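Heads up: the structure comes next, in C-alpha cells.
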Amino acid sequence: FGAIMVDCNLRGANLTGANLTGAKLYVANLSGVNLKGFNLEGAQLSGANLTGANLRDVNFGHSRLSSANLSGADLRGANLKKANLSGANLSGAKNLRQTRLDRACLGNPKQPPINLPAGLKAPGKRC
C-alpha cells in the first residue's frame, strides 16, 4: 500500500529504515536525499525532484518516474526494470548504463526521457 505524500518537501531528509515500497510521492522534493539500496518498487514518483540524490542500488522496478527530475542523481546499480521514464530529466545522471536504461519503458513513446547523458538512447519499450 505505501505512504501517500503529495507535493511534500523531503529535501535532505534522513529516511533510514523507511519503507517506501509502493509509496505515492507525486511532485515530492527528494533532492539530495540518500536512498541508497531502498526498495521503491511500484512507487509513484511522477514529477518528483530527485536532483543530486544517491539512488545507488535502488529498486525502481515497475515505478512511475514520468516527468521526474533525476539530473545529477547517482544511478549506479539501480534497477529500472519496467520503470516508466516518460518525460523524465536524466541530464547529468551519474553511472547510468544503457543496459539498465533498456530495461525501462515509456508510457507515452512520443514523450521520451529528456536530456539523456551523452551516448545513451531512450528505451524503446512501452509500459
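Overview of results
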| item | result |
| --- | --- |
| Å² of accessible area per residue within the chain, as computed with a 1.4 Å probe and no ligands counted | 49 |
| Lone cysteines, the chain (no partner Cβ under 4.7 Å) | Cys8 |
| Whole-Å distance, taken between Cα centres, linking region 1-37 and region 38-84 | 11 |
| Cβ-based charge dipole, the chain, positive-most Cα from Asn29, Leu120, His62 | Leu120 |
| Summed residue charge, Cβ within 10 Å of Arg56's Cβ, Lys/Arg positive, Asp/Glu negative | +1 |
| Dipole in debye (nearest 20) - the chain, about Cα centre, beta carbon charges: Lys, Arg +1; Asp, Glu -1 | 400 |
| Asp57 accessible area, assembled protein chains, probe 1.4 Å, Å² | 90 |
| Positive minus negative residues near Asp74 (Lys, Arg vs Asp, Glu; Cβ under 12 Å) | +3 |
| Phi to ³J(HN,Hα) by Karplus 6.51 cos²θ - 1.76 cosθ + 1.60 over region 76-93, Hz, x for Gly, Pro | 4, x, 5, 8, 10, 4, 6, 7, 7, 10, 4, x, 6, 9, 10, 4, x, 4 |
| Relative contact order for the chain, counting Cα pairs under 8 Å that sit 6 or more residues apart, in percent | 16 |
| At 1.002 mPa s and 20 °C, Stokes diffusion of the chain via Kirkwood alpha-carbon radius, µm² per second | 155 |
| Apportionment of accessible area to carbon and sulfur, the chain, percent (1.4 Å) | 47 |
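The values are calculated or read from the model by the stated rules, or taken from the named source; none is laboratory data. These numbers come from a predicted model, not from an experiment. Here Cβ is always computed from backbone atoms with ideal geometry, including for glycine, and neighbour counts include all displayed protein chains. For accessibility, only protein heavy atoms count, side chains too; no ligands or nucleic acids. Shrake-Rupley method; radii C 1.70, N 1.55, O 1.52, S 1.80 Å.
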